[in-house]
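Worksheet for the structure shown next.
The values are calculated or read from the model by the stated rules, or taken from the named source; none is laboratory data. As the structure is a computational prediction, the values presented were derived from the model and not from experiment. As a convention, Cβ positions derive from the backbone with ideal geometry for all residues, glycine included, and neighbour counts pool all protein chains shown. The protein model used for the area step is the full one, side chains on, heavy atoms only, and it has no ligands, DNA or RNA in it. Shrake-Rupley method; radii C 1.70, N 1.55, O 1.52, S 1.80 Å.
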Amino acid sequence: MTNINQYLKKIGLEGKKASRLMAKASTQQKNDALTHLIQLLNTKAKTILKANEKDVQVAKKNKLDRASIDRLIISTKTIDSMIKGIQGIVDLKDPIGEIMHLNTRPSGIQVGQMRVALGVIGMIYESRPNVTIDAASLSIKSGNAIILRGGSEAIHSNIALSNIIHEALKKAGLSVQAVQVIDSTDRSIVEAMIKLDNYIDVIIPRGGKSLTKMIRDEATVPVIKHLDGNCHVFVDKNADLDKALKIIENSKTQRLGTCNTTESLLISKDIARDFLPKIVKMLHQHKVEVRGCKETLKLIKGIKAASEDDFYTEYLDAIISCKIIDDIDDAINHINQYSSHHTDAIVTENYGHAMRFLKEVDSSSVMVNASTRFADGFEYGLGAEIGISTNKLHARGPVGLEGLTSLKYIVLGNGHIRK
């Protein structure tokens, strides 16, 4: 443990030094680094895919579950998506140094706020090697340094991506220590890293609920996090049912292993008898198991009864819970009790119901007539995201450039003194 602490303190010190250099880097330098990264992802795609294949083969040998392997795989499509995300970040306005809310006080001084980088970000994540690129790119553009600790299952992929990132930083004249990827798979590193508050300004975990909960409970560094994604779609009695069917299909079946996949379905009792069989038929065609409440079981024969735990569960699998709801009040109360406050959607043509849902559902993303799969930094126009936050302080929802910055007050005077 002593060696691990020394190793992390060295990385932390290098990160702190790099953060000071990144804070004064020009927008052009930061964009140059990202542009070089795009070029290198194109020219070194084969190297990335080869490294990733090693990880996938080991994962299959170790019998990782289907959702974990799905999150681990890098394909040419994944690399294209990475590139689009980076280009989106390049195209975004640099937030660092922006002065806002400047006003003159009765004393004559001008008071405003300036947007600044957070400093050193610690990122702890599992599977998903594409997170390495997203996190590094956002950190570079927002003028931060970042320390990345990916899961052991993606170690070859992350090292290959790290080498490419360092080459891009070097070409742009920036410190390669601005992005550090921990190359050790020792689990005790996580425990030590989340207590490195002398060097790391914020920890962002992305992974399973147990990992995130441990970090939340034990970290001495501030944490931006979400525990899980128990997302809901509520089909109101005033819904366009053709829209509803498409939204549910996309929300649940496009990808099973993501935090913005719908796990819980709520149906108004006024439309359940006619509409629910159509939904269940569609879900069964996608081989999705439906677990229903007592009222659901009366209408749909041969499905499994949903337990109380089912309504709290993020399955990350071909399973969905279903409950028949009395009205919009019942739906809002159910979601606020059982959801993980990640993303919840209503399908309705009733404006009043839509506005009530937006105001009263306590989640980081709330949607009307749209798939929960849109809860994503790229889809929100953030270029990419470093994670989804269900925190109520600092950042909430997909965390992009602005979420990786803070504000400080600035005061402009001309020899002013307080009287």
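The accessible surface of the range 133-280, taken with every protein chain in place and a 1.4 Å probe, is 44 percent carbon and sulfur. Averaging the Cα positions of each part gives two centres, and for the range 311-369 and the range 40-89 these lie 33 Å apart. Averaged per residue, the chain has 46 square angstrom of accessible surface, using a 1.4 angstrom probe with ligands and nucleic acids left out. Beta bridges from DSSP with both residues in the range 100-149: antiparallel share about 40 percent, rounded to the nearest 5. Taken over the alpha carbons of the range 248-369 as equal point scatterers, the Debye sum produces base-10 log I(q)/I(0) values at 0.14, 0.23 Å⁻¹ of -0.56, -1.61. Apply the a/c threshold of 1.5 to the C-alpha gyration tensor of the range 242-319 and tell me whether it is rounded, prolate or oblate. The shape class here is oblate. Compared with the alpha-carbon gap, the fully stretched path from ILE159 to SER307 is longer by 49.0 nm at 0.36 nm per residue.
The H on the amide N of SER371, modeled in the peptide plane, is under 5 Å from the matching H of no residue at least 5 residues off or on a different chain. Take the range 1-109, drop everything but the C-alpha atoms, weight them equally and run the Debye formula without solvent; then report log10 I(q)/I(0) at 0.12, 0.19, 0.20 Å⁻¹ to two decimals. Calculated log10 I(q)/I(0) at the listed q: -0.76, -1.09, -1.09. The alpha carbons of the range 155-313 occupy a box of 63, 35, 28 Å along the principal axes, longest dimension given first. With the alpha-carbon atoms of the range 67-108 aligned to their principal axes, the span from lowest to highest coordinate is 62, 23, 10 Å, starting with the largest.
Largest accessible area first, the residues THR27, THR261 order themselves as THR27, THR261 under a 1.4 Å probe with ligands, DNA and RNA left out. Counted by Cβ distance under 10 Å from LYS252, the other residues give a net charge of 0, where Lys and Arg count +1 and Asp and Glu count -1.
Between the helical axis of 351-360 and the longest alpha-carbon principal axis of the chain there is an angle of about 50 degrees.
Taking ASN369, ASN42, ASN103 in turn, the Gaussian network model of the chain (Cα-Cα springs below 10 Å) assigns the largest fluctuation to ASN103. Considering only DSSP beta bridges whose two residues both sit in the chain, what percent are antiparallel, to the nearest 5? Here the antiparallel bridges make up roughly 30 percent for the chain. Among HIS226, HIS101, HIS36, the sequence by solvent-accessible area, most first, with a 1.4 Å probe is HIS101, HIS36, HIS226. Using a probe of 1.4 Å, the accessible surface attributed to LEU40 totals some 10 Å² when neighbouring protein chains are kept in position.
In the chain, helical runs assigned H by DSSP with n ≥ 4 each contribute -39500 (n - 2.57); averaged across all residues and rounded to the nearest 500, the mean residue ellipticity at 222 nm is -13500 deg cm²/dmol. Surface composition of the range 82-126: carbon and sulfur atoms hold 53% of the protein heavy-atom accessible area at a 1.4 Å probe.
Taking the alpha carbon gyration tensor of the range 32-74, multiplying each eigenvalue by 5 and rooting it gives semi-axes of 27, 11, 6 Å, largest first. When HIS232, HIS286, HIS166 are compared by accessible surface with a 1.4 Å probe, the order from highest to lowest is HIS286, HIS166, HIS232.
Pairs from the list LYS17/LYS44; LYS10/LYS141; LYS392/LYS419; LYS16/LYS419; LYS10/LYS170 with a Cα-Cα gap above 32 Å: LYS392/LYS419; LYS16/LYS419.
Here THR35 sits with roughly 50 square angstrom of accessible surface, probe radius 1.4 Å.
Remark: the range 97-226 is approximated by an ellipsoid whose semi-axes, taken from the C-alpha gyration tensor as √(5λ), come to 31, 20, 11 Å, largest first. The calculated P(r) of the range 302-410, using every Cα pair and 10 Å bins from 0, goes 13, 37, 33, 13, 3, 0, 0 in percent.
Compute the long axis of helix 269-285 from its Cα atoms, compare it with the longest principal axis of the Cα atoms of the chain, and write down the angle in degrees, 0 to 90, nearest 10. Tilt relative to the chain: about 70 degrees.
Stokes-Einstein at 10 °C, 1.306 mPa s, Kirkwood radius from Cα pairs: D for the range 71-151 in µm² s⁻¹? Could you put the intermediate results ahead of the total?
Working: Rh = 15.1 Å.
Approximately 105 µm²/s, per Stokes-Einstein.
Taking all C-alpha pairs of the range 150-225, those more than 15 Å from each other amount to 62 percent. With all pairs of separate Cα atoms included, the chain yields a Kirkwood hydrodynamic radius of 22.9 Å.
Cα-based values for the range 376-419, radius of gyration first and Dmax second, are 16.9, 51 Å. Rg ratio for the range 113-170: its Cα radius of gyration over 2.2 N^0.38 Å, N being its residue count, equals 1.18.
Projected onto their three principal axes, the Cα atoms of the range 289-343 cover extents of 31, 27, 16 Å, largest first. Between the helical axis of 209-218 and the longest alpha-carbon principal axis of the chain there is an angle of about 50 degrees. If only the Cβ of Lys and Arg carry +1 and only the Cβ of Asp and Glu carry -1, the dipole of the chain around its Cα centre is close to 1120 debye.
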